[in-house]
Each structure stands twice: as C-alpha cells, then as structure tokens.
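Asker: Please find one structure pasted underneath; my questions will follow.
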Amino acid sequence: MPTYGMGEAIREMRLRLGYTQEELAYGICTPGTLSRIENGKAIMSKQVFEALWSRMPGLHHAWISCEAKKEMQRSKLCKQTLLYLAMRMMPDAKQAMEQYRRLMDEKNHFCLQFAWYTQAIYQAILQERESEILPELRRALKLTMPHWRERLWGQKRIAILSYDEIYILSNMGIAYARQREMELSFQILFYLKDYLKRQNLDWADSNRIGPMIFGNLAWLLEKQGRYNEAVKQCDHGIRICCFTGNYTVLPQLLCIKAWCITASGNQRMAEKSIRQAEAILDITDGYRGYGSFGEFYKAKEPIFVTF
C-alpha cells in the first residue's frame, strides 16, 4: 500500500483537530505505531485506517489504496449487517453476520469488536438471551477502550470515539434502561449528545449518528415522563433526517414524538406524527418485522442502529 502522503494527511488532520497521538491511537494502535504511520514508515491496514478516520471526520477522503479481496468482502458484510439490523431484516442480518464471522481475522480486535457488538444488537432487537447483551457490549467496547469509564468521565477532554464505539455505547444506554438502571443510561446517552456538540463533527458524520442519539435520548426521557424534553430531542433528529433525506430512523422519531404528545393530552397533534410515520413505512420497507403499523407503534422500541 502506498504510504506517501497518507501519514501526512493523518498528522495534518490530527493536529487540525487538536488531538495528541496518544488520544487518537488509544485502543487502535500504539502511539509509536501512529508516529511511524504519520512519518510514512509503517504500513497501515484498512481496518486501522477506518478506525482512525472514524475518529477524524474528513480523513476518509484520503483512502486511495486497493483493498485485499477478503478485506473488501468483510467491509461489504459490515455495511450489509448494519443496514439489515437498522431495517429489522433479521434473517438477512443473521446470514450476513455468519458470513462475516467466517471471514474475520480472530486475532484482529476490530473484527472481534464488530462481531460481538452486532451479535448483542441482534439479540436486543429479538429480545433473546437479554442477560448476555450488556456483558457482550462491554466486552466489545473494552477491545478499543479497556478503561472506558475513566476514558469517558475521568478526563478533562472528551474522548474521541469511532462509529463502532458510538454504536456500542448507544446500545449500552438502551440495555441499562431495559434493566432499569436509569442513571447509567442517562449518563451514557447525555455523554453521546454532548459528544456531538463538542467534537465539531463534520456534516456527514454528525448527520449519520445524530438522529439515533437524539432518538434514544428521547426514548429514555419518555420513559421518565419528561415529555416536553423528549419532543425537543425528537425534533432535533427529525430536522436532520428531513434535511439529509435519510429516513432510516425517521419513523421511530415520529413515533416517539407521538407517544409524548399523546401523553401530554394533544391527541390531534399526535395523530399527525403517527400518519407521517405510517406513510414513510408504507413507501419504504413495510413495518420492519411487524405485521402492521399498529404493532410497530405499540412496540415502543429504541433505535438500535442507523445506517
């Protein structure tokens, strides 16, 4: 793989964002390895590159090398798995996850992390073996954030997160809420919201994960009867979805908003959100594993993953 210019791009982006080598490399590679990459003296795998660029918005434009066939297959299966989970196409998700496990490098912690956390999300969606979900998510997170509590809350500066780490933390927030550990759930989801604000993510990165984070925080606030706050979070996510034209999580956002407005006594306004959610599902993928829109609406599910 050609390294000329790649290391310089990484160093330039890192310095522009104000990260130290230790902050960027944490859980991905050693600071010494990152130093050699930046100086063009070390070859970087695609997975290491993807982990680095997911922490540095804008860097993804620099990837120009040819991928190995197996890496290409794994990358394709990662995208398919996340899409199928987001759309609740569970048989397809299971098949993609099984194919990924057959191709993954079990010595590669990025491969293991993806396999472990997607399996936990799969179980969470189907509500299978729920006692295993949190341990599996924590195990996946520790591969790149071994001291994740200290990393998140024990530092003066906010930690740098990859997409995978954001998905894991979001689902940990959901899992804690389902176990009625609301304080931990709020702590994680408010951290992610603050992360969006403080990291100054670029347009594409922020819009990809923002609706999921706002939606899950609204889902949690609704459970606590904090309806007005929940509606505000939904509206943030809805605006992003409409602005970007990405409607993957829009039906959930509209449904959460409708639950809150109904609970506040304004059934007429709630019906508007309900009709909008149903219309979007009607023209996209149906009811995401449910037999009817009514079943989807009553399930009151969080947003496990977006795409």
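Asker: Scan region 191-211 for residues that are closer than 16 Å to residue 152 by Cβ and modelled with pLDDT under 80 and report the count.
Answerer: Selection size over region 191-211: 1.
Asker: Something else now. Going through region 135-150 one residue at a time, which ones are buried (at least 20 other Cβ atoms within 10 Å of the Cβ) and in contact (Cβ under 8 Å) with a residue 40 or more places away in the chain?
Answerer: If the condition is that a residue be buried (at least 20 other Cβ atoms within 10 Å of the Cβ) and in contact (Cβ under 8 Å) with a residue 40 or more places away in the chain, then 143, 144, 145 are the ones that fit.
Asker: Residues in region 225-247: is at least one under 23 Å from residue 134 (Cα atoms) and touching a residue at least 24 places away in the same chain (Cβ under 8 Å)?
Answerer: no
Asker: Return the pairs, sorted by first residue and then second, in which the second residue is surrounded by 23 or more Cβ atoms within 10 Å (Cβ to Cβ) and charged (D, E, K, R), the first residue lies in region 248-275 and is free of Cβ contacts under 8 Å to residues at least 60 places away in the same chain, the beta carbons are less than 6 Å apart, and the residues are 6+ apart or on different chains.
Answerer: Here the result reads 273/257, each pair linking region 248-275 to a residue that is surrounded by 23 or more Cβ atoms within 10 Å (Cβ to Cβ) and charged (D, E, K, R).
Asker: Regarding residue 255, is this residue at pLDDT below 95, over 18 Å from residue 180 (Cα atoms) and not aliphatic (A, V, I, L, M)?
Answerer: Against the criterion (at pLDDT below 95, over 18 Å from residue 180 (Cα atoms) and not aliphatic (A, V, I, L, M)), residue 255 does not qualify.
Asker: Continuing with the same structure: Of all residues in region 9-63 being at pLDDT below 80 and among the polar types (S, T, N, Q), which is farthest from residue 75 (Cα to Cα)?
Answerer: The residue in question is 54.
Asker: Of everything in region 153-164, what is assigned to a helix (DSSP H, G or I) and buried (at least 20 other Cβ atoms within 10 Å of the Cβ)? Give them in sequence order. Spell out how you get there, then give the answer.
Answerer: Going residue by residue through region 153-164, those that are assigned to a helix (DSSP H, G or I) are 153, 163-164.
Scanning region 153-164 gives a single hit, 164.
Asker: Which of the residues belonging to region 211-224 are touching a residue at least 40 places away in the same chain (Cβ under 8 Å) and within 15 Å of residue 305 (Cβ to Cβ)?
Answerer: 211, 212, 213, 215, 216, 219
Asker: Within region 88-124, can you find the residues that are over 19 Å from the mean Cα position of the chain (by Cα) and surrounded by 17 or more Cβ atoms within 10 Å (Cβ to Cβ)? Full working, then the answer.
Answerer: Narrowing region 88-124 to residues over 19 Å from the mean Cα position of the chain (by Cα): 91-92, 95, 98-99, 101-108.
If the condition is that a residue be over 19 Å from the mean Cα position of the chain (by Cα) and surrounded by 17 or more Cβ atoms within 10 Å (Cβ to Cβ), then 104 is the only one that fits.
Asker: Modelled with pLDDT under 95, closer than 18 Å to residue 302 by Cα and assigned to a helix (DSSP H, G or I): does that describe residue 280?
Answerer: yes
Asker: Go through region 160-192 and count every residue that is more than 12 Å from the chain's Cα centre (by Cα) and more than 17 Å from residue 125 (Cβ to Cβ).
Answerer: Looking only at that region, the number is 12.
Asker: For region 245-283, how many residues are under 18 Å from residue 87 (Cα atoms) and surrounded by 14 or more Cβ atoms within 10 Å (Cβ to Cβ)? Explain how you work it out, then say what you get.
Answerer: Looking only at region 245-283, we keep the residues that are under 18 Å from residue 87 (Cα atoms), and these are 245-256, 276-283.
Filter once more, so that each one left must be surrounded by 14 or more Cβ atoms within 10 Å (Cβ to Cβ): 246-256, 276-278, 280-281.
Here the count works out to 16.
Asker: Got a number for residues in region 131-164 being closer than 24 Å to residue 79 by Cβ, of a type in the set (D, E, K, R) and at pLDDT below 95?
Answerer: 1
Asker: Under 9 Å between Cβ atoms, at least 6 apart or on separate chains: pull out the pairs that start in region 9-34 with a residue that is closer than 20 Å to residue 163 by Cβ and end on any residue that is of a type in the set (Asp, Glu) and surrounded by fewer than 21 Cβ atoms within 10 Å (Cβ to Cβ).
Answerer: Matching pairs, first to second residue: 14/23; 34/22.
Asker: Got at least one residue in region 119-130 being farther than 17 Å from residue 78 by Cα and among the small types (Gly, Ala, Ser)?
Answerer: yes
The values are calculated or read from the model by the stated rules, or taken from the named source; none is laboratory data. Not measured: the values here are computed from a predicted model. All Cβ positions, even for glycine, are placed from backbone atoms using ideal geometry, and neighbour counts span all protein chains on display.
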